């Protein structure tokens, strides 16, 4: 593995900070000056890394998707190694209390955190959003061992995302986890019961 240069490390630090901000507070909350300040950098250094705010948004969304996928892979590997079937493990991880709580710290699934705003994005960031969505659908279809059609994998993905989004709106109430638990159990029965 090649060591990162100082410029690459700085670029990554800016992306980590921006990805956290957009997942926690939304796209509109991303201000270049705030990102640079939270990253411990000067505002003037921003343009050595990005052409403008939109370029940062697109790259930060891609970074958030990749970071979320990596963490999901780690959790999946642990659950699968413990004997849980792959699609069941995915559903249980995605609709877990731990994933629900990631909305307050700016981690977790960027599609659940930001999906309702994807249509408002500039074309380049929309393309990244579409790629991120398709990656989740691909993952669900692959975890089903191709037993789900593309359309069924999309339906399950959108149900997972929607359930998490709505539960985040209820976070702090007893209903949030009740609904997530009921959804998780029902989706495992419906989609993963034949694994």
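The values are calculated or read from the model by the stated rules, or taken from the named source; none is laboratory data. Just so it is clear, the structure is predicted and the values come from calculations on it, not from any experiment. When we count neighbours, we look across all protein chains shown, and the Cβ atoms used for this are built from the backbone with ideal geometry, even at glycine.
Among the residues of segment 84-100, which ones are farther than 16 Å from residue 183 by Cβ and free of Cβ contacts under 8 Å to residues at least 12 places away in the same chain?
Residue satisfying the conditions is 84 alone.
If the requirement is being on the phi > 0 side of the Ramachandran plot and either surrounded by 13 or more Cβ atoms within 10 Å (Cβ to Cβ) or touching a residue at least 12 places away in the same chain (Cβ under 8 Å) (or both), which of these qualifies: 106, 172, 115?
Answer to the selection: 106.
Could you list all residues from segment 34-57 that are in contact with a helix residue (DSSP H, G or I) (Cβ under 7 Å, 6 or more places away or on another chain), in contact (Cβ under 8 Å) with a residue 60 or more places away in the chain and either surrounded by fewer than 16 Cβ atoms within 10 Å (Cβ to Cβ) or within 22 Å of residue 160 (Cα to Cα) (or both)?
Across segment 34-57, the qualifying residue is only 54.
Being over 18 Å from residue 162 (Cα atoms) and not in a helix (DSSP H, G or I) is the filter here, so list the residues in segment 58-105 that pass it.
Across segment 58-105, the qualifying residues are 82, 83, 84, 85, 105.
Among the numbered conditions (1) part of a helix (DSSP H, G or I); (2) at pLDDT below 95, tell me where residue 16 comes up short.
For residue 16, the failing item is (2).
Inside segment 139-165, can you point out the residues that are surrounded by fewer than 20 Cβ atoms within 10 Å (Cβ to Cβ), touching a residue at least 12 places away in the same chain (Cβ under 8 Å) and within 15 Å of the chain's Cα centre (by Cα)?
Listed by number, the residues that qualify are 139, 159, 161, 165.
Residue 179: surrounded by 15 or more Cβ atoms within 10 Å (Cβ to Cβ), more than 18 Å from the chain's Cα centre (by Cα), in a helix (DSSP H, G or I) and on the phi < 0 side of the Ramachandran plot, yes or no?
Considered against the rule, which asks whether it is surrounded by 15 or more Cβ atoms within 10 Å (Cβ to Cβ), more than 18 Å from the chain's Cα centre (by Cα), in a helix (DSSP H, G or I) and on the phi < 0 side of the Ramachandran plot, residue 179 comes out as yes.
Going by what's in this entry, would residue 192 be described as modelled with pLDDT under 95, buried (at least 18 other Cβ atoms within 10 Å of the Cβ) and farther than 22 Å from residue 17 by Cα?
It is true that residue 192 is modelled with pLDDT under 95, buried (at least 18 other Cβ atoms within 10 Å of the Cβ) and farther than 22 Å from residue 17 by Cα.
Can you find, within segment 23-33, the residue that is surrounded by the fewest Cβ atoms within 10 Å (Cβ to Cβ) among those that are touching a helix residue (DSSP H, G or I) at 6+ places or on another chain (Cβ under 6 Å), in contact (Cβ under 8 Å) with a residue 24 or more places away in the chain and part of a helix (DSSP H, G or I)?
Top of the filtered list is 32.
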